[in-house]
Amino acid sequence: MKVDRKIRSGVGLVKREGVLALTILALQKLEKRRQKSSSRKKLKIKFLADYNTILKANRTSKPDKLTTKKTRLPLTVNWVMSPPRSGGGHQNIFRFIKYLEDIGHICRVYLYSSSDFPTIKELQEGMSAHYPPTHAAENMQWLDGDMAPADAVFATGWETAYVVFNDPDQARKFYFVQDFEPYFYPLGSEYVLAENTYRMNMYGITAGGWLDQKLSSEYGMQCSHYDFGADQELYSYQNSQHRKEIFFYARPVTVRRGFELGIMALQLFHEQRPDYTITLAGWDVEEYGIPFPYKNLKTLKLEELSEVYNQCAAGLVVSLTNMSLLPLELLSAGVIPVVNDAPNNTQVSNNKYIKFAQASPAALAQALVEVVDKKDLPSYAKKASLSVGNLSWAKSCQRFEDILKEQLNV
């Protein structure tokens, strides 16, 4: 055996060289092991926010809420955000930035990340096809040191909240909250670190009423909210015929969109109404074992969605955190949204043409069946599109500016 050989080798060394030689050999081997162990790369504790940035914020005493001195127009607003990509929450942020710029305010964008560092040019090229043109995007920069003085500074995600909290400038600190970000993680360190940002005494401007109510009641955060809009230029009612497709926002990489739950519901629906085509968009789902025939539209441009929507009678939208923008977009095109019934959705929109159902495969499937079985569905779809005709992002942006000016004592 290997151990026996080592013993015999050690005994032989003692006989030839003495006990001291054996001791030296043992010490040399121990030193080699120590060096090998110490040379191994240590795993770093990493979050979306820099480790030391988080520590600095947690070592700082909680500041009193700032009493803002009277501010003059135009406003200067600094925005701190992660590197923008196509789609999602960044597009909505730039919607508000463009509005502020169009009415004369000054906006600056500072980029922050603990690990992702594309060049400004790469980001601008990626944004060109998806974002409205803004001076802030043309001149955005990586945050390196302190920001230029401003009247207001906005955190836009939990990791940026730590940066804004630590910022020494006396600008009024705001938090542009589009979702309850602790829900993006299992219950653990990142959940808690994201949750702690709602206790930083920033003024929250939230997307919809659910976040406003949740943050104020559970965290004592001062908040106001704007209502969701619907882009009437992008999404419109164009097909008054009987429609034979079902739309599902299938995005398996975004856990909060309930991909698996939706697939199970659609399987049950297909078993009951196999004559309907099921259309999936939001991600390429070819590698998934989906147990029914479907159209895989992958990722579409915003300009392509209205045509797709206008082929669909109903749309399944699973929103497990803050409500998606999709239900109102679908309604604009005459699609009846089936959405999981929960406060995070009903407190954002109570439109009577949204069909809410329990978040189970059977209940969601039954809701879809009830929608497509409506005898007057084409005329019902037309009424649904008219129900959101008065919604616009211009109203949402105006509400946002009103909140901002009120808090800045303009």
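Determine if region 357-364 includes at least one residue that is part of a helix (DSSP H, G or I), in contact (Cβ under 8 Å) with a residue 40 or more places away in the chain and surrounded by 21 or more Cβ atoms within 10 Å (Cβ to Cβ).
yes
Here's a check for you: in region 72-98, which residue that is of a type in the set (A, V, I, L, M, F, W, C) and either within 16 Å of Pro149 (Cβ to Cβ) or at pLDDT below 95 (or both) is farthest from the chain's Cα centre (by Cα)? I'd like the intermediate steps shown before the answer.
Step one: filter region 72-98 for residues of a type in the set (A, V, I, L, M, F, W, C), giving 73, 75, 77, 79-81, 93-94, 96-97.
If we keep only those that are either within 16 Å of Pro149 (Cβ to Cβ) or at pLDDT below 95 (or both) as well, we get 73, 75, 77, 79-80.
Numbers: Leu73: 32, Leu75: 27, Val77: 22, Trp79: 17, Val80: 15 Å.
Taking the candidates together, the pick is Leu73.
For Leu143, indicate whether it is over 29 Å from Asn409 (Cα atoms) and not β-branched (Val, Ile, Thr).
Numbers: over 29 Å from Asn409 (Cα atoms): no; not β-branched (Val, Ile, Thr): yes.
Considered against the rule, which asks whether it is over 29 Å from Asn409 (Cα atoms) and not β-branched (Val, Ile, Thr), Leu143 comes out as no.
For region 281-317, name all the residues that are farther than 19 Å from Leu261 by Cα, among the β-branched types (Val, Ile, Thr) and at pLDDT 95 or above. Walk me through it before giving the result.
Step one: of region 281-317, the residues farther than 19 Å from Leu261 by Cα are 297, 299-313.
Then drop every residue that is not among the β-branched types (Val, Ile, Thr), which leaves 299, 308.
The answer is Val308, and nothing else.
Of all residues in region 255-276, count the ones that are outside any helix (DSSP H, G or I) and either surrounded by 15 or more Cβ atoms within 10 Å (Cβ to Cβ) or at pLDDT below 95 (or both).
So the count comes out to 3.
Please find, within region 365-408, the residue that is farthest from Ala265 (Cα to Cα) out of those that are in contact with a strand residue (DSSP E or B) (Cβ under 9 Å, 6 or more places away or on another chain) and not in a helix (DSSP H, G or I).
My answer is Leu408.
Would region 325-335 turn up any residue that is out of contact with any Gly (no Cβ under 9 Å at 6 or more places or on another chain), in the same structural domain as Arg251 (by TED's automatic domain parsing), more than 30 Å from Arg72 (Cβ to Cβ) and hydroxyl-bearing (Ser, Thr, Tyr)?
No; the residues of region 325-335 include none that is out of contact with any Gly (no Cβ under 9 Å at 6 or more places or on another chain), in the same structural domain as Arg251 (by TED's automatic domain parsing), more than 30 Å from Arg72 (Cβ to Cβ) and hydroxyl-bearing (Ser, Thr, Tyr).
Under 7 Å by Cβ, and 6 or more places apart or on different chains, what pairs join a residue from region 186-199 that is at positive phi with one that is surrounded by fewer than 18 Cβ atoms within 10 Å (Cβ to Cβ) and among the small types (Gly, Ala, Ser)?
none
In region 69-115, what residues are in a helix (DSSP H, G or I) and among the hydroxyl-bearing types (Ser, Thr, Tyr)? Write out each step before concluding.
In the first step, residues of region 69-115 are kept if they are in a helix (DSSP H, G or I); the result is 89-102.
Residue satisfying the conditions is Tyr99 alone.
Residues checked against (1) closer than 15 Å to Ala314 by Cβ; (2) of a type in the set (D, E, K, R); (3) assigned by TED's automatic domain parsing to the domain that holds Pro327:
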| position | (1), (2), (3) |
| --- | --- |
| Lys352 | no, yes, yes |
| Ser360 | no, no, yes |
| Leu364 | yes, no, yes |
| Ala367 | yes, no, yes |
| Asp373 | yes, yes, yes |
| Pro378 | yes, no, yes |
| Leu386 | no, no, yes |
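From (1) part of a helix (DSSP H, G or I); (2) within 30 Å of Arg172 (Cα to Cα); (3) out of contact with any Leu (no Cβ under 8 Å at 6 or more places or on another chain); (4) aliphatic (A, V, I, L, M), pick out the condition that doesn't hold for Met323.
In the conditions (1) part of a helix (DSSP H, G or I); (2) within 30 Å of Arg172 (Cα to Cα); (3) out of contact with any Leu (no Cβ under 8 Å at 6 or more places or on another chain); (4) aliphatic (A, V, I, L, M), Met323 misses (1) alone.
The values are calculated or read from the model by the stated rules, or taken from the named source; none is laboratory data. Remember, predicted model here, so these are calculated numbers, not experimental data. Cβ: placed from backbone, ideal geometry, glycine included. Neighbour counts: every protein chain shown.
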